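Please read the structure below before turning to the comments.
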Amino acid sequence: MGMDGFIPMLDILPQAQRRLWPELDATPGQFTLYGGTALALRLGHRISVDFDFFSNEPFDPRLLVRDVPYLQDAEQVQVAANTLTCRVDRGGPVLVSFFGALGLGQVAPRLQVLGRKVWAASLADIAGTKVAVVQQRAEAKDYRDIDALLRHGLDLATALAAGRVVYGASFNPLISLKALSYFDDVPTLPEDVRARLRAAVAGVDPGRLPVLAPFKPRPGPESESRP
């Protein structure tokens, strides 16, 4: 496992999430924590409440519920092929979601949370998913997450290049740049965040994005065949 780990900023978790946190060690190793919570545990920039686990491997939701202790007493909110969302009660509701067979490329190795058996995606991989998600929904938290990544030193061009690694040719960086310049649908977004995002967008030449060498290419037709 090496030294590739990080100390989580647990202050960003509300009480119920804090109570559940040690139990997440029972999460199978094929799953990696992505999303705003994975990012906030690293950067401490906002409160985050949901745990979203991603995997490129398929899984059977029924077996996951059977094998993972913290899911056994949970309310099942969504159950579908390679998809499970549960509401776990730990003195308050905590949403935990699992998504499998995703076919994601990987920009950098995932990181283990120090002292835990939980794995979290790299900042670059989270950035790649965040610049893509603003194409599908307008939520202030996603814009705040991208702003936090920028303030942490990851430039927007690199985040867009990461989106290409994660999603392949289906990812269009121009749509992300447009979304990150338009704030009518996110009225609660603070003006300083808007200003930083506008400046970041202005600094990107979409025709000259860096090309990142993937740590792991996307499984499937776009990647070279693997043994």
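The values are calculated or read from the model by the stated rules, or taken from the named source; none is laboratory data. Since the structure is predicted, the reported quantities are computational estimates derived from the model, not experimental observations. As a convention, Cβ positions derive from the backbone with ideal geometry for all residues, glycine included, and neighbour counts pool all protein chains shown.
Key figures
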| read-out | value |
| --- | --- |
| The listed residue being without any contact (Cβ under 8 Å) to a residue 12 or more places away in the chain, farther than 25 Å from residue 153 by Cα and not small (Gly, Ala, Ser), out of 72, 30 | 72 |
| Single unsatisfied condition, residue 47 versus (1) at pLDDT 95 or above; (2) assigned to a loop (DSSP other than H, G, I, E, B); (3) in contact with an Asp or Glu (Cβ under 8 Å, 6 or more places away or on another chain); (4) exposed (fewer than 15 other Cβ atoms within 10 Å of the Cβ) | (3) |
| Residue that is nearest to the chain's Cα centre (by Cα), among those in the range 21-44 that are among the small types (Gly, Ala, Ser) and surrounded by 22 or more Cβ atoms within 10 Å (Cβ to Cβ) | 35 |
| Enumeration of residues in the range 186-221 that are under 22 Å from the mean Cα position of the chain (by Cα) and modelled with pLDDT under 95 | 219, 220 |
| Residue check for residue 15: touching a Leu at 6+ places or on another chain (Cβ under 9 Å) and farther than 23 Å from residue 129 by Cα | no |
